[in-house]
Amino acid sequence: MSQTQQESVKQLEAAVELPIPPAGTNRAPSRKKRSKKPVDHDGVPVRAVSWKLRLRRDKQMLLMMIPGVIFLALFFYTPILGNVIAFQDYQPFLGIGNSDWVGVQNFIDLYFNPDFWVALRNTVVLAVWQLVLFFPVPLGLALIVDSLISTKTRRWFQSLVYLPHFLSWVLVIALFQQVLGGAGLVNNTLRDMGFDSIPFMTNPDTFPLLATVQLVWKDAGWAMIIFLASLAAIDGSLYEAAAADGAGRWRRMWHITLPGLRSIIVLLLILRIGDILSVGFEQFLLQHDAVGPGAAEVLDTFTYFAGVVGGGWSMGAAAGLAKGVVGALLIFAANKVAHKFGEPGIFQKKVG
Amino acid sequence: MATTIHERRTAKRQAKGLTFNPSRPVWKEPASPFYNAIKAVIIGGITLSIVLPILLVVSTSIADDEQLTAAGGFGLWPTHPTHAAYQAIFSGEFMFRALGVSAFITAVGTFLALFITITMAYATSRPVMFGRPVLLLVLFTLLFAPGLIPMFLMVKELGLLNTVWSLILPGTFAAFNFVVMRSFFMNIPVELIEAARIDGASDFMILRKIVLPLSKAVIAVVGLFYAVSFWNAFFNAMLYINDQTLYPVQLVLRNYVVQGGSMAEAIGVTSAPPPQSMQMAIVVIALLPILIVYPFLQKHFNKGVITGAIKG
């Protein structure tokens, strides 16, 4: 660009800028006060509004926050305070105010309660099963769906596999009973063919497998949605270039698709590990009687049966609180690890 | 001239006279019958695993006594369809009440939940006073849960035990749905809102006249999430409700199908159709609303409403 051209560009820019008055000069008299406050390069006031003015300006926005804040106060923050009964010998007829304080006695009792350890073991065992068997399924499904050329097939298949996510656990268990239960389709067919029936639904030894299969049936399709979004974000020209260089379908998957999904896989994996103490609640509560507490008791059902059913309110609250605190710490740690791996992590994303 | 494997393959297939799908990217290998067969088997298997149980349940609910006895308690295809099971279920008030409770919880709950979520999400999506601290208050709920027993005590303290409100109020706000809603609002061009404000619109008016009409997709999706969570909830009913007349459908389903309680006794019919049919009829009743609403709303899922939020 020559000197004259540059100058003419500058002139042009100046001409364009001209109609906009410089900051703080050409204001209406009533705005005079504001013009003294700090302004940004466009002359728009920045954080220059006084506290009272902001209150008046944001009055309606603040009103809009009220329903949500009331909800949080009633059904989140006050119940959190209710966790103090974990340090009490809570008696319903005395209430929180009059029950005796017992310090950490409930946690000590919990430590020496074998049922608690069974529940903890079952929880971790189920979480590991879920990690190994459940986690790869949505990824595989997403790869298959992504490879489908026909948009029609894609669309109906996606709609179909998302559906079970919207069925309640009660329905899912009822459907499983109808297919795999003692009087269900599979066992009737087995009996007709002269075989013994297999107690899929009631065998405690195979329960972790059954529970994981139920989870896969219900949620694997839905979990695919996030992988599909990441797949769609991969630049198509990368595939084209690789194909032109002679890379076959498997090579393209290994060198383009999987690296493209790396960050989301790492993120989800870390979050799942952080969330290891939550394996689900309704699913295990519903099958608690059929399979027995030896296999189907998880931390959440332990809290329910010890606290609400058994009347050991403080013990149940102690188990719930311990689980909540450890769970929160694990999620927090997992997020830190995600940051270490150079991934954005969940909190930064959601706040930002 | 050096040719790539893929070009050679293409040439080979063209020589054989195989046709190509025009929507197939040119750089992709021609469709391989082998991989296509594998994919077809997987997709077919998954489809079957979802469709078959639902078909089984529907057929059993309309199967007659003879067929069920012959087959041992289920029917894959009804030979003599009958609606006796449905007639029996709806002969007493019991099921009508349960349906009424579920419908009430779902309708009122979804409305309240959308109201709270939309106002909260919009207010925190703009740089306003207290926006940041309130946002943090919400996001903290993602990290920690108050726990089952303190929740129960709170509901009891509020005097909600044994009322439908115990099934509605605790579920009227979910942080995940809030995040979905808020990130959608944040993507609305700020110029639109600024322009409306300059024209003298208040924040309420901007929300109602500008933001909401632009947010139909996200409202549909979040509304579906809330409606499904209200319709599907059974545990809070188990926890908070003693009165049988306030049982929602899912709790009826749990008591008489999963736990195998005697349905005929609860309804008070004497000459009952086969219990399997009646059980499956309840399953169908619980399933039907979801199957009806789902097709209208699922089209929004792929528009990035949800994934947009998850990805930040």
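The values are calculated or read from the model by the stated rules, or taken from the named source; none is laboratory data. Bear in mind that the values here come from a model prediction, so they are computed numbers and not experimental data. Here the Cβ positions follow ideal geometry from the backbone for every residue, glycine too, while neighbour counts run over all protein chains shown.
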Which members of the range B:132-175 meet the condition of being polar (S, T, N, Q), assigned to a helix (DSSP H, G or I) and closer than 15 Å to B:ALA237 by Cα?
B:SER166
Restricting attention to the range A:135-147, does a residue exist that is in contact (Cβ under 8 Å) with a residue 40 or more places away in the chain and more than 14 Å from chain B (Cβ to nearest Cβ)?
yes
Residue check: is A:ASN122 at pLDDT 90 or above, within 19 Å of A:LEU330 (Cα to Cα) and of a type in the set (S, T, N, Q)?
yes
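Okay, residues lined up against (1) in a helix (DSSP H, G or I); (2) in contact with a Gly (Cβ under 9 Å, 6 or more places away or on another chain):
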{"residue": "A:LEU163", "(1), (2)": "yes, yes"}
{"residue": "A:LEU175", "(1), (2)": "yes, no"}
{"residue": "A:ASN187", "(1), (2)": "yes, yes"}
{"residue": "A:ILE198", "(1), (2)": "no, no"}
{"residue": "A:ASP219", "(1), (2)": "yes, no"}
{"residue": "A:ILE234", "(1), (2)": "no, yes"}
{"residue": "A:ALA243", "(1), (2)": "yes, no"}
Unique match (being modelled with pLDDT of 90 or more, loosely packed, with under 15 Cβ neighbours inside 10 Å and either out of contact with any Gly (no Cβ under 6 Å at 6 or more places or on another chain) or within 28 Å of B:LEU291 (Cβ to Cβ) (or both)) among B:PHE204, B:PHE152, B:PHE235
B:PHE204
Failed condition for B:PHE20, given (1) at pLDDT 70 or above; (2) of a type in the set (Phe, Trp, Tyr); (3) surrounded by fewer than 18 Cβ atoms within 10 Å (Cβ to Cβ):
(1)
Scan of the range A:148-205 for residues that are more than 26 Å from the chain's Cα centre (by Cα) and in contact (Cβ under 8 Å) with a residue 40 or more places away in the chain, ordered by number
A:MET201, A:THR202, A:ASN203, A:PRO204, A:ASP205
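Rundown of residues vs (1) outside any loop (DSSP other than H, G, I, E, B); (2) within 12 Å of chain B (Cβ to nearest Cβ); (3) closer than 24 Å to A:LEU171 by Cα; (4) touching a Cys at 6+ places or on another chain (Cβ under 6 Å), yes/no style:
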residue: A:LEU268; (1), (2), (3), (4): yes, yes, no, no
residue: A:ARG272; (1), (2), (3), (4): yes, no, no, no
residue: A:GLY280; (1), (2), (3), (4): no, yes, yes, no
residue: A:PHE284; (1), (2), (3), (4): yes, yes, yes, no
residue: A:GLN287; (1), (2), (3), (4): yes, yes, yes, no
residue: A:PHE302; (1), (2), (3), (4): yes, yes, yes, no
residue: A:GLY311; (1), (2), (3), (4): no, yes, no, no
residue: A:ALA318; (1), (2), (3), (4): yes, yes, no, no
residue: A:LEU321; (1), (2), (3), (4): yes, yes, no, no
Could you list, in sequence order, the residues of the range A:288-308 that are more than 15 Å from A:THR123 (Cβ to Cβ) and surrounded by fewer than 22 Cβ atoms within 10 Å (Cβ to Cβ)?
A:ASP289, A:ALA290, A:GLY292, A:VAL308
Within the range A:92-134, how many residues turn out to be part of a loop (DSSP other than H, G, I, E, B) and either touching a residue at least 24 places away in the same chain (Cβ under 8 Å) or surrounded by 15 or more Cβ atoms within 10 Å (Cβ to Cβ) (or both)?
4
